Amino acid sequence: MPEIVERNFRITVTQVQASGPSKSIEIKAGGLGIGPRGLPGNSLSVVAAEVLGGHRVVTIQGLHATPATANEIAGITTGASGIGATADVVTQGLLTEGSWTWTPGAPIFVGSAGILTQSPSTVGPMRRVAWAISPTQINVDFGPTIEQA
């Protein structure tokens, strides 16, 4: 299974004792507090199992998503990635692309080959992945997968 690397997280484990002081262990990962700010909103990285296009919906396996794989979505890529490369994907929050022409206020769905579309499939699974904020900006916000007849 391809590796998924989450950014900027911290885990704190606290052991509470019946008597005496509590003990805490803090684990920091991914160079927390070091390096560039990262992507806006929530994001993670996926290792590409195929050449991934930019601004496409991808699965946790590093493949372009389709309506049939809607339950395996990791997020929306911020750029293209080659096989074996790390692809940054947005899981929630704003994403902007100057060439988009979305209808503001309308939902955006996963289409074939991970393409974002405002025309959902009419048969089989359907999943909203974002809302159009403006013609060039979306708010990534995954809805549940809906099974259609």
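Some notes on this structure:
- S134 more than 18 Å from V51 (Cβ to Cβ) and without any contact (Cβ under 8 Å) to a residue 12 or more places away in the chain: no
- Across the stretch 104-149, the qualifying residues are those that are under 18 Å from the mean Cα position of the chain (by Cα) and charged (D, E, K, R), and the one among them that is farthest from T78 (Cα to Cα) is R127.
Okay, residues lined up against (1) modelled with pLDDT under 90; (2) surrounded by fewer than 17 Cβ atoms within 10 Å (Cβ to Cβ); (3) part of a strand (DSSP E or B):
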residue: Q92; (1), (2), (3): no, yes, yes
residue: L95; (1), (2), (3): no, no, yes
residue: G105; (1), (2), (3): no, yes, no
residue: I108; (1), (2), (3): no, no, yes
residue: S119; (1), (2), (3): no, yes, no
residue: R128; (1), (2), (3): no, no, yes
residue: A132; (1), (2), (3): no, no, yes
residue: N139; (1), (2), (3): no, yes, yes
residue: F142; (1), (2), (3): no, no, no
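For (1) aromatic (F, W, Y); (2) on the phi < 0 side of the Ramachandran plot; (3) in contact (Cβ under 8 Å) with a residue 60 or more places away in the chain, each residue gets a yes or a no:
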residue	(1), (2), (3)
P104	no, yes, no
V110	no, yes, no
L116	no, yes, yes
V129	no, yes, yes
F142	yes, yes, yes
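- Hey, E72 out of contact with any Pro (no Cβ under 6 Å at 6 or more places or on another chain) and without any contact (Cβ under 8 Å) to a residue 24 or more places away in the chain or not: yes
- In summary, G35 fulfils each of the numbered conditions (1) out of contact with any strand residue (DSSP E or B) (no Cβ under 6 Å at 6 or more places or on another chain); (2) surrounded by fewer than 18 Cβ atoms within 10 Å (Cβ to Cβ); (3) closer than 27 Å to Q137 by Cβ; (4) modelled with pLDDT of 55 or more with the single exception of condition (4).
- Residue list for the stretch 78-90, filter: farther than 11 Å from V140 by Cα, free of Cβ contacts under 8 Å to residues at least 60 places away in the same chain and assigned to a strand (DSSP E or B): S81, A87, D88
The values are calculated or read from the model by the stated rules, or taken from the named source; none is laboratory data. As the structure is a prediction and not an experimental result, all values here were calculated from the model. Glycine also receives a Cβ, built like all others from the backbone with ideal geometry; neighbour counts cover every protein chain displayed.
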